[in-house]
Structure formats: structure tokens, C-alpha cells
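Since the structure comes first, as C-alpha cells, the remarks are kept for the end.
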């Protein structure tokens with residue numbers, strides 16, 4: 001079994017840092033890099049891409065709403081055509097940083113509220129995914145389970161790597177439940193590890209309602225901004241390697 005291990009990185013701003021990016025990059029096989037809208041800035045993007053390249057870690061654009069104060073986790077009502085330009089802008093920013101650093105952008109993912117909205121709404125997913133295809137048809141979309149995004153990607157000729165968010169609860173359709181619900185974010189380390197083992201051994205995930213749902217994934221994502229993220233990532237890597245191999249999605253889907 002080949003599984004990618006990734007995290008959202010580069011989510012500081014100016015002198016302010018979030019998470020332990022450098023330590024995590026020694027453990028991950030790919031990283032989703034904030035592109036300056038929900039977090040990040042040009043200097044942080046450049047540094048993150050160069051650190052990833054030095055370690056042979058894939059990088060992808062983590063595309064979100066223009067909401068630094070809300071960290072991209074607040075739903076925003078923005079004209080779809082305008083949102084499409086936001087997606088293109090962020091993809092281009094990271095692709096440019098990667099090119100100058102001698103690295104390559106292999107994938108992208110939608111962050112926070114934008115990702116949740118697109119995952120649940122086919123009418124929104126279609127133009128946003130089309131924007132990705134128009135920018136670079138070779139990019140892989142890394143996404144939690146979503147029929148809307150998967151359907152749009154299929155129509156646009158894009159590959160989708162289904163990603164399991166180990167510390168986030170999902171509903172019976174595999175969509176992430178809102179953060180405002182109790183236990184939507186799973187903080188207990190043993191509970192996170194149990195979810196990972198269940199996924200790898202059974203191919204199932206227990207939903208928020210308690211139902212076991214089948215889920216076939218190519219990637220496991222951990223949030224780098226949570227306390228103890230580095231040690232948790234190291235432990236999750238050990239669990240994966242006891243069953244299979246850590247392989248970035250770009251190599252899985254080559």
C-alpha cells in the first residue's frame with residue numbers, strides 16, 4: 001500500500017510563525033503551501049518551497065479565501081468569476097516560486113471554507129476546478145472525499161487524490177463536518193491514530209454519526225498548526241510504514 005503523508009505549511013505571516021514546518025518537512029512526502037490569501041506571504045512561500053526541495057518533498061498550492069484575519073475558515077460570498085481569478089492567482093504565485101527555486105508544483109488543494117463549500121456544491125466546484133485545469137492540466141487535486149470535486153475533475157480531465165484528514169470528523173457522505181460542531185476537530189492523539197489504523201486496515205472511516213463508510217485514499221493529511229503535530233506526524237508515518245510505503249501522490253499517479 002502506497003500512501004502520501006502531507007500537511008498544510010507556510011501558514012505564518014511576516015515575522016509571525018505557525019507550526020513547525022521545518023521539522024514536519026523531515027517527515028512528510030508532500031506539503032500544501034499557503035499562497036498569501038488565508039495565510040503566508042512571498043518570503044514564507046519561497047522559504048517553504050526551498051526547504052521542501054532540499055528534502056525531496058512535493059509542494060502544492062493551498063488555495064483559500066482572501067481572509068487573513070479569519071484564516072480562511074469563514075465562508076465568504078464572492079462572485080464566482082472573481083473566485084476563479086483568485087484560484088488562478090494563487091496557483092501562479094506558488095508555481096512561480098517553485099520554478100525560481102528549481103522545484104515543481106505537483107498538486108493543489110482548496111483550503112478551509114472555500115474547500116468545504118466547493119466539496120458540497122457541484123455548481124461552485126465546476127468553475128473552480130476548471131480554473132485549475134486551465135492553469136495546468138497536469139496538476140493533481142488533493143481533496144477530502146467529494147463527489148462534486150471528483151465529478152468536476154473527471155469532466156476537466158484532472159486527477160484527484162482523495163485525502164483523509166486524520167484529525168477532522170466527516171459526515172456519512174465523507175464531507176467534513178463544520179468546525180462549530182462538538183468534536184469536529186479530533187484532538188486526542190490515540191483517537192487520531194485509531195482512525196488511521198482503521199482506514200489502512202479496513203478501508204473504512206467512522207463518520208460523525210457513528211456509521212462506518214468505505215473510503216479509498218491516496219493521502220493522509222495532518223494539520224501542522226495543532227499542538228504536538230510533529231510527534232503525531234512521526235507516529236502516523238510509523239503506522240503507515242508498518243503496513244505499506246510513504247509515497248507522494250505525484251509518484252502514485254504518474
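Points worth noting:
- Within the stretch 22-36, restricting attention to residues that are crowded, with 22+ Cβ neighbours inside 10 Å, over 14 Å from residue 234 (Cβ atoms) and touching a residue at least 40 places away in the same chain (Cβ under 8 Å), the residue that is nearest to the chain's Cα centre (by Cα) is 32.
- Residue 44 in contact with a helix residue (DSSP H, G or I) (Cβ under 6 Å, 6 or more places away or on another chain), touching a residue at least 12 places away in the same chain (Cβ under 8 Å) and not in a strand (DSSP E or B): no
- Any hit, the stretch 206-218, residues being more than 20 Å from the chain's Cα centre (by Cα), touching a residue at least 40 places away in the same chain (Cβ under 8 Å), more than 17 Å from residue 169 (Cβ to Cβ) and in a loop (DSSP other than H, G, I, E, B): no
- With respect to the stated conditions, residue 88 fails to be loosely packed, with under 14 Cβ neighbours inside 10 Å, closer than 30 Å to residue 126 by Cα and either within 18 Å of the chain's Cα centre (by Cα) or at pLDDT 95 or above (or both).
- Among the criteria (1) surrounded by 15 or more Cβ atoms within 10 Å (Cβ to Cβ); (2) at positive phi; (3) free of Cβ contacts under 8 Å to residues at least 40 places away in the same chain, the one residue 199 does not fulfil is (2).
A quick yes/no check of all residues on (1) more than 16 Å from residue 33 (Cβ to Cβ); (2) touching a strand residue (DSSP E or B) at 6+ places or on another chain (Cβ under 8 Å):
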{"position": "47", "(1), (2)": "no, no"}
{"position": "51", "(1), (2)": "no, no"}
{"position": "63", "(1), (2)": "no, yes"}
{"position": "66", "(1), (2)": "yes, no"}
{"position": "74", "(1), (2)": "yes, no"}
{"position": "78", "(1), (2)": "yes, no"}
{"position": "95", "(1), (2)": "no, yes"}
{"position": "98", "(1), (2)": "no, yes"}
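The values are calculated or read from the model by the stated rules, or taken from the named source; none is laboratory data. Since the structure is predicted, the reported quantities are computational estimates derived from the model, not experimental observations. Cβ atoms come from the backbone with ideal geometry, glycine included; neighbour counts cover every protein chain shown.
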